Structures are given as structure tokens and as C-alpha cells.
1. Would you please list the contacts, defined by Cβ atoms under 6 Å and residues six or more apart or on different chains, that run from a residue in the stretch 87-104 that is free of Cβ contacts under 8 Å to residues at least 12 places away in the same chain to a residue that is part of a loop (DSSP other than H, G, I, E, B) and surrounded by 12 or more Cβ atoms within 10 Å (Cβ to Cβ)?
2. Within 12 Å of the chain's Cα centre (by Cα) and either crowded, with 16+ Cβ neighbours inside 10 Å or over 22 Å from ARG22 (Cα atoms) (or both), is that true of GLU118?
3. Can LYS6 be described as surrounded by 14 or more Cβ atoms within 10 Å (Cβ to Cβ), outside any helix (DSSP H, G or I) and of a type in the set (D, E, K, R)?
4. Can you tell me which residue in the stretch 86-105 is surrounded by the fewest Cβ atoms within 10 Å (Cβ to Cβ), limited to those that are outside any loop (DSSP other than H, G, I, E, B) and of a type in the set (A, V, I, L, M, F, W, C)?
5. Just the residues that are assigned to a helix (DSSP H, G or I) and either farther than 21 Å from ILE116 by Cβ or in contact (Cβ under 8 Å) with a residue 40 or more places away in the chain (or both), please, taken from the stretch 76-85.
6. Residues of the stretch 22-52 being more than 20 Å from GLU118 (Cβ to Cβ) and without any contact (Cβ under 8 Å) to a residue 40 or more places away in the chain, which ones?
7. Enumerate the strands (runs of 3 or more DSSP E) found wholly within the stretch 11-75, keeping only those where 3 or more residues are of a type outside the set (Asp, Glu) and surrounded by 15 or more Cβ atoms within 10 Å (Cβ to Cβ).
Amino acid sequence: MFVDDKSNIKVVIHIKHGKEGRGIKAELALDKIPEDKRADYKPATFELRQITWKMSNDLMREARQKNPMTMMDEVDWISYKEKKLLHVLKGWDAKDAEGKPVPVSPENVMKLHPLIAELVLQQYDKEAYLEEEERKN
């Protein structure tokens with residue numbers, strides 16, 4: 001019923017980079033990658049904090065903008081996703097070209113490849129909330 005501050009969500013994404021570092025392919029499940037291709041993928045681990053009711057409301061408030069056409073407040077969902085990722089991302093195992101740890105910072109989070117950021121948020125939501133089948137029981 002209450003969010004445990006010590007109960008984080010771990011997301012692992014298997015990432016393959018294209019030639020000369022251009023392009024990216026990512027999978028959440030290792031078993032979706034053919035065995036003969038698995039060596040091309042490197043795991044990246046993300047640690048995320050769970051959102052409380054207050055945090056959720058604060059994120060929604062921060063992402064609201066006035067629509068100039070209707071003059072109504074609306075949620076800017078792109079801003080919401082950015083703020084959510086910045087807020088929940090607690091740690092990762094990212095390293096720079098020299099093998100040194102890359103700190104989690106707003107600047108570094110915003111440098112993530114869009115596919116990686118989206119997958120982290122999608123998997124976070126899957127882990128933080130019960131799937132439809134689980135809710136039936």
C-alpha cells in the first residue's frame with residue numbers, strides 16, 4: 001500500500017550499437033535475441049525509484065501547460081516523460097569511452113538515445129503496476 005524507499009525497480013536492456021557507433025538496437029529480453037547474435041549485445045542496467053502519490057501529482061503539475069488555443073491547462077506528455085525519467089532514474093552502470101562510470105545527471109539523462117529512454121520508461125511502468133492478467137487474480 002505504501003511505497004518502500006528501498007524497493008527500487010531494476011531494468012536491464014540489451015543494446016547493440018551499429019557500425020562506427022551509429023544506430024542502435026535494443027531488446028529487453030535476452031531470449032528474443034538469436035543465440036548466435038547475443039555476443040553483439042551488451043547489457044545496460046538502470047535502477048529506478050518507485051513513485052509515491054505525491055511524486056506522481058508533482059510530476060503532473062510540472063508538466064502542465066496552458067494551451068494557447070483553448071486557454072485550458074493540459075498535460076504536455078513529452079515534458080511529463082522527461083520529468084518522470086529524470087525523477088525516477090537513480091542509477092545505471094553506464095561507462096564512458098575510458099571505462100569510467102558516467103554519473104546520473106539531468107545532462108547525461110537527456111543524452112540517452114530515445115529508444116533507450118522509452119524502453120526504460122515502458123519497462124518501469126510494467127514493473128511498477130500489475131499487468132491486466134495479474135489484476136484479475
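1. Pairs that qualify, where the first residue is free of Cβ contacts under 8 Å to residues at least 12 places away in the same chain and the partner is part of a loop (DSSP other than H, G, I, E, B) and surrounded by 12 or more Cβ atoms within 10 Å (Cβ to Cβ), are ASP96/VAL102; VAL102/ALA94.
2. no
3. No.
4. Per the criteria, the residue is LEU86.
5. LYS81
6. The answer is ASP31, PRO34, GLU35, ASP36, LYS37, ARG38, ALA39, ASP40.
7. 42-48
Read the figures in this text as sums done on the coordinates, not as results from a lab. Keep in mind the model is a prediction, meaning the values are calculated, not measured. All Cβ positions, glycine included, derive from the backbone under ideal geometry; neighbour counts span all protein chains shown.
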